[in-house]
Structures are given as structure tokens and as C-alpha cells.
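Please read the structure below before turning to the comments.
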Amino acid sequence: MSEANAITVDVVSDVVCPWCFIGQKRLDKAISSVSDVDVHIRWRPFQLDPTIPAQGKDRREYMLGKFGSDQRISEIHARIEPLGEAEGISFAFEAIKVAPNTLDAHRLIRWAGAAGEDVQNRLVRRLFQLNFEEGINIGDHQVLVEAAREAGMDASVVATLLPTDADVEAVQTEIATASRMGITGVPCFLLEGKYAVMGAQDVDALADAIRQVAAAKARGELERAG
């Protein structure tokens, strides 16, 4: 495909956001339906709650503090679960025991991006699965190292870097940049660095946005925002 038929989609997301998992699945379907456009995905960091301590919090207590009652939590989960099922996601909310701080997960996603687009995509998908379908704490360094290995990264390098401050500031700067751009919720899909599609839109909406931006780029109408 020519470069005119290639676009980049920056996905601003958090791996503990169920709507981001749904958005990832829908984006995959949208890309499959737009076979004449070469879509490149880059995952960008966002933290739903950066105040969670590094060791995480008991998820039930955290959710009660946020939503007030078990009934309200159950209602929220009941609304999300069928939407996930429609996208092939088996949400296992009751299995999630820890609400993790996702800063280290985002550092890992950043390193995966340096290893290649496919590696980053595999890693992000695995982190979503671990958290939402297996109830595994993705704030745990051992879990992150194993996820890195599964994605094709050098696990020994990851194990060495995670306990350090490597790229902490870089990730926090990216998160701050998203906030300055007006991104207050995720997922947010940034097409060619210029056009934003907010929320877990349906497949057709994402596909249409990809087609329109690709066509505008092919006509030379886009000025890359950087």
C-alpha cells in the first residue's frame, strides 16, 4: 500500500478501563473492515486514578469508595458484561482482587512500542486479558515480566528496568500532554495526530473515521499535527 493509504491511530487508554478493552476489540474489527487502509496503532498512556498506591488497593473497598454500594457496582458490571461478550470478552469482575496502579504497566507498554508495533499490540491485549478475564494483578512486577515475555520482549531487561525509575517521567509527561489536549476520558482514538474519536464507539463509526481520514490524507488535505 502507498503511504497515502496508511494512517496512524494513537489509542489513549488505561489497561484497567473496561471500555478501553471493548474499544480495542472494536478497533480491531474496524481495521479488518477497512482492508484498503494500512492502519498503524500506537498505544498511549492514561491513568484513570494515579492516586492508587504502587502496591494497589483492595478492589472491592476501592469500588465501594468510588460507587457507594455493592448494588451500584453490580449494576455497572451488569451493563458492561454483555457489551464485552458481544466483542468476545469474558469479563470476570468478581475475580479482580486488586485495583492496581497502572504506571508500571504503561512503562512496559512504552518499552514494547520500542520493540515494534506488533509486540506492543500483543502486550496490551495480554494486559487487558490478565486484568479483566483472569483477575490477575497487573501492578505486580512478576506478572508484567511474564506478560513481556509472552509478547516477545526481553524479559530479563524488563525485570531489570521495572524496579528503577526508567521512563516514569516520560510516561507521566505523556499523560499530562493528553490532559492538556482535553482528553478527560478513555478510550480516545487520535487519527493522524489530528482527529479524535472519543469513547468506545461502535465498529462502523471507527471504520468510517478511518476511511475519511485516509481519504483526506490521500488528497493531501491533512497537515500532520505531530
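Annotations for the structure displayed:
- Around the Cα centre of region 26-141, unit charges on the Cβ atoms of Lys, Arg, Asp and Glu (plus for the first two, minus for the last two) sum to a dipole of about 340 debye.
- For Kirkwood radius over Cα pairs in Å, calculated from these coordinates, the label among [x] 18.2; [y] 17.7; [z] 19.1: [x]
- Relative to the dominant Cα principal axis of the chain, helix 103-115 is inclined by about 40°.
- Apolar share of the accessible surface for the chain: 49 percent from carbon plus sulfur atoms, 1.4 Å probe.
- Whole-number accessible area per residue in Å² for region 40-103, which is evaluated in the context of all protein chains at 1.4 Å: 57
- Cut-off under 5 Å, modelled amide H: who pairs with T8 long-range: H40, E192
- Normalised by the number of residues in the chain, the average gap of Cα pairs under 8 Å and 6 or more apart makes the relative contact order 32 percent.
- For the chain, a simple Cβ point-charge model (Lys and Arg +1, Asp and Glu -1, everything else neutral) yields a dipole of about 300 debye relative to the Cα centre.
- Å² of accessible area per residue within region 139-226, as computed with a 1.4 Å probe and no ligands counted: 54
- Listed by chain and number, the lysines placed with their C-alpha closer than 29 angstrom to that of K217 are K25, K29, K194; residues fewer than eight positions away on the same chain are left out.
The values are calculated or read from the model by the stated rules, or taken from the named source; none is laboratory data. Not measured: the values here are computed from a predicted model. Ideal geometry is used to build each Cβ from the backbone, glycine not excepted, and the neighbour counts take in all protein chains shown. Side chains are part of the model used for accessible areas, which takes the heavy atoms of the whole protein and leaves out ligands, DNA and RNA. Shrake-Rupley method; radii C 1.70, N 1.55, O 1.52, S 1.80 Å.
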